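**Student:** Structure provided below as structure tokens; questions to follow.
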Amino acid sequence: MARYDTFQDMNAELYFETRENITRVYFNRPEKLNAFNLETSERFAALIKRLHKEKSRVVIFTGRGKAFCAGADLAFLESCARLPQAKARAILKKLYSNYLTLRTLKQVTIAQVNGAVAGGGLGMVLASDLRTLLASAKVAFNFVKIGLSPGMGILKMSEGLFGPARAKELWLLGRTYTGADLAQWGAASACEATPEALERATNSLAQELLENAPLGMEFIKKEQLWKDALSPYLAFNCTHQARCLTSAQGREGLRAIQERRKPRFE
């Protein structure tokens, strides 16, 4: 069995390394654009539990290959779409709760968006404390384009970052934007034109954080977590997404992805 107990096997789908008080977490399914399923989310939650014991003060999340994270993989979504709505809801709630454990870390978290991001991958980006973005990275707000409503408490988090009006526009239109767009809207601490420059900017940001008082930063995170509690909202949110996913519109959206065409919604 792979060394998921330590999460330091560089061939694993998810691993981390710590150097000089900075931990880097890598999503390592590049052939799948770092997409995830329920099993992947369980490993992620176990990783977060492990990182609570790590003697680092900054945690950087990034993807291997050309994507940060494409969200839930198609096979997982299709399997959920065939389930009774209540069962699909329970699985989605577990999936999203696993990934939202990143919000509980005492370390400051940075999402280094090295490439394409969509769905729950975008949820992880918004759930991180700070973001650094590749200017050309494709950022898809496309749930409604595939017959779904946003999951992972993502609408609530979007309102905090972009404001209610823009958040509603982003999710109702379902367009794909770029990292440069998000930076223009104030959602990034750095936005760079090349992967090399992005790496340098992220490292510089992490070094700046290391100069600050750890306890002060930890309490800022705790107060924000209390103020923006997602748990009650997440249960409500997953009910809606499960209803969409198991509906005729949800199934049509997934078929359209497979057949590489625009969906035809009733």
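**Student:** Scan the range 98-115 and give yes if some residue there is modelled with pLDDT of 95 or more, in contact with a Gly (Cβ under 7 Å, 6 or more places away or on another chain), in a helix (DSSP H, G or I) and more than 22 Å from His52 (Cβ to Cβ), otherwise no.
**Tutor:** No; the residues of the range 98-115 include none that is modelled with pLDDT of 95 or more, in contact with a Gly (Cβ under 7 Å, 6 or more places away or on another chain), in a helix (DSSP H, G or I) and more than 22 Å from His52 (Cβ to Cβ).
**Student:** Now, a different point. Of all residues in the range 122-148, which are closer than 22 Å to Glu259 by Cβ, touching a residue at least 40 places away in the same chain (Cβ under 8 Å) and assigned to a loop (DSSP other than H, G, I, E, B)?
**Tutor:** Gly147, Leu148
**Student:** Name every residue in the range 84-99 that is of a type in the set (A, V, I, L, M, F, W, C) and surrounded by fewer than 22 Cβ atoms within 10 Å (Cβ to Cβ), in order of residue number.
**Tutor:** If the condition is that a residue be of a type in the set (A, V, I, L, M, F, W, C) and surrounded by fewer than 22 Cβ atoms within 10 Å (Cβ to Cβ), then Ala86, Ala90, Ile91 are the ones that fit.
**Student:** Output the residues belonging to the range 1-27 that are buried (at least 17 other Cβ atoms within 10 Å of the Cβ), farther than 26 Å from Ala90 by Cβ and of a type outside the set (A, V, I, L, M).
**Tutor:** Phe7, Tyr15, Phe16, Thr23, Arg24, Tyr26
**Student:** Return the total of residues in the range 168-188 being under 16 Å from Gly123 (Cβ atoms), in contact with a strand residue (DSSP E or B) (Cβ under 7 Å, 6 or more places away or on another chain) and hydrophobic (A, V, I, L, M, F, W, C).
**Tutor:** So the count comes out to 2.
**Student:** Filter the range 204-242 down to residues that are touching a Leu at 6+ places or on another chain (Cβ under 7 Å) and not in a helix (DSSP H, G or I), then give me how many there are.
**Tutor:** 1
**Student:** Here is a list: Leu210, Leu182, Leu198. Which entry is surrounded by fewer than 22 Cβ atoms within 10 Å (Cβ to Cβ), at pLDDT 95 or above and farther than 29 Å from Arg255 by Cβ? Give the derivation first.
**Tutor:** Numbers: Leu182 fails: surrounded by fewer than 22 Cβ atoms within 10 Å (Cβ to Cβ); Leu198 fails: surrounded by fewer than 22 Cβ atoms within 10 Å (Cβ to Cβ).
Testing whether each residue is surrounded by fewer than 22 Cβ atoms within 10 Å (Cβ to Cβ), at pLDDT 95 or above and farther than 29 Å from Arg255 by Cβ leaves just Leu210.
**Student:** (1) modelled with pLDDT of 90 or more; (2) closer than 30 Å to Asp129 by Cβ; (3) not hydrophobic (A, V, I, L, M, F, W, C): which one isn't true of Gln224, the others all being true?
**Tutor:** So Gln224 meets the others, but not (1).
**Student:** Being under 30 Å from Ile257 (Cα atoms) and of a type in the set (Asp, Glu), is that true of even one residue in the range 153-164? Spell out the reasoning first.
**Tutor:** Looking only at the range 153-164, we keep the residues that are under 30 Å from Ile257 (Cα atoms), and these are 153-159, 161-162, 164.
Checking the rest, the ones that are also of a type in the set (Asp, Glu) come to 159.
Yes - at least one qualifying residue is present in the range 153-164.
**Student:** From Ala81, Ala75, which residue is surrounded by fewer than 18 Cβ atoms within 10 Å (Cβ to Cβ) and of a type in the set (A, V, I, L, M)?
**Tutor:** Ala75
The values are calculated or read from the model by the stated rules, or taken from the named source; none is laboratory data. Predicted model, so just to flag it, every value in this text is computed and none were measured. Heads up, the Cβs are rebuilt from the backbone with ideal geometry, glycines too, and the neighbour counts pull from every protein chain shown.
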